[in-house]
1. State all residues of the stretch 53-67 that are assigned to a loop (DSSP other than H, G, I, E, B), more than 19 Å from His97 (Cα to Cα) and not aliphatic (A, V, I, L, M); if no residue qualifies, say none.
2. Just need a number here: residues in the stretch 68-85 that are surrounded by fewer than 21 Cβ atoms within 10 Å (Cβ to Cβ), touching a Pro at 6+ places or on another chain (Cβ under 9 Å) and not in a loop (DSSP other than H, G, I, E, B).
3. Residues of the stretch 284-302 being of a type outside the set (Lys, Arg) and part of a helix (DSSP H, G or I), which ones?
4. Quick test of your reading of the structure: Gly184 fulfils all but one of (1) farther than 22 Å from Arg113 by Cα; (2) in contact with a Cys (Cβ under 8 Å, 6 or more places away or on another chain). Name the failing condition by number.
5. Restrict the check to the stretch 155-169 and report whether at least one residue is crowded, with 23+ Cβ neighbours inside 10 Å and in contact with a Lys or Arg (Cβ under 7 Å, 6 or more places away or on another chain).
6. Whether any residue in the stretch 99-106 is out of contact with any strand residue (DSSP E or B) (no Cβ under 6 Å at 6 or more places or on another chain), under 16 Å from Arg197 (Cβ atoms) and surrounded by fewer than 19 Cβ atoms within 10 Å (Cβ to Cβ) is what I want to check.
7. Mind checking which residues of the stretch 48-68 are at pLDDT 95 or above and among the acidic types (Asp, Glu)?
8. Return yes or no: is Ala181 part of a helix (DSSP H, G or I) and closer than 20 Å to Ser266 by Cβ?
Amino acid sequence: MKKKVLFPAILGVALLALAVIQFIPGPPLVIPAELPAADRAGHRHLNFEGIDNFRDLGGYPTASGATVRWGVLYRSGMLAQASRADLEGLQRLNLSHLIDFRSALEKEAEPDRLPEPHAFEVVEIPTLDGGDNTVALDIMRRIDEGDFEDFDPDALMLDANRAFATDFLPQYRQFFQTVLAADGAPVLWHCTAGKDRAGFAAAALLRLLGVPQDVIVRDYMLSKEYAMGARRNELRLLRLFKGDEAADKLQVIMGVEAPWIEAAFSAIDERWGSFDTYVREGLQLDDTDIARLRANLLTRDT
């Protein structure tokens, strides 16, 4: 049997298996904020069935001696594959806002599944819209044709993170205004894999709250485990049918690397001189806004 015939057959069996698996109930959702304080960090990654890379940013220490509150700041991948149990779990989080950083093309291809009815406000902040479509189509073409000449996925992701800090300033300004408007109520933000656009949003917010840089980078790097883990089967199929080079290139893009988020902060320093100036002149947050965010999102309770 030729590969062109074999691949759809294998893919069909895999999709059927996934459909069957969805009828097998997973373990109950564990929400860190509902646990005793000592047990929360071990459940930072929430065990949703069909939502990847879903994490609570609570518990991180700040330079002032406070910590980020549990149960108010959530980041994740897209919600397109959310199960029925996942939708019930989302309701338990009591979200006030859900922020979607995906482009129009991404949302059209894989719309979020949301609880109905839901009380939270959905805020769409398309980031990389237009340009993202071009890049994604170019990557698909290269994989299909096996054309990786002059293609450096690491350089691509470094440039993307610099752009988050500079070219997409209006989008992240809207993100911060949405978190501010939530007034301490729980907020969830996501992109597709929950690692790049959502990752910069998390890193910038933690930095504003006073979380040390090394802790911010460690949180950012957690996506390497959770985002990649969700796509291991896709990479195996790609390696089998498109070869090692295609799989290796895409594996880089599917992960995260510390220099990527560091490039975003370096771009901030180069353009504004400091992160504090970026917050005030770029994000247009004044001292009252900053104090409100810290009062709402930090705690000194043990």
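1. The answer is Gly59, Tyr60, Thr62, Ser64, Gly65.
2. Total meeting the criteria: 1.
3. Asp287, Thr288, Asp289, Ile290, Ala291, Leu293, Ala295, Asn296, Leu297
4. Failed condition: (2).
5. yes
6. yes
7. Glu49, Asp56
8. no
The values are calculated or read from the model by the stated rules, or taken from the named source; none is laboratory data. Predicted, not measured: the structure shown is a model, and the values here were computed from it. Positions of Cβ are backbone-derived with ideal geometry, glycine not excepted, and every protein chain shown enters the neighbour counts.
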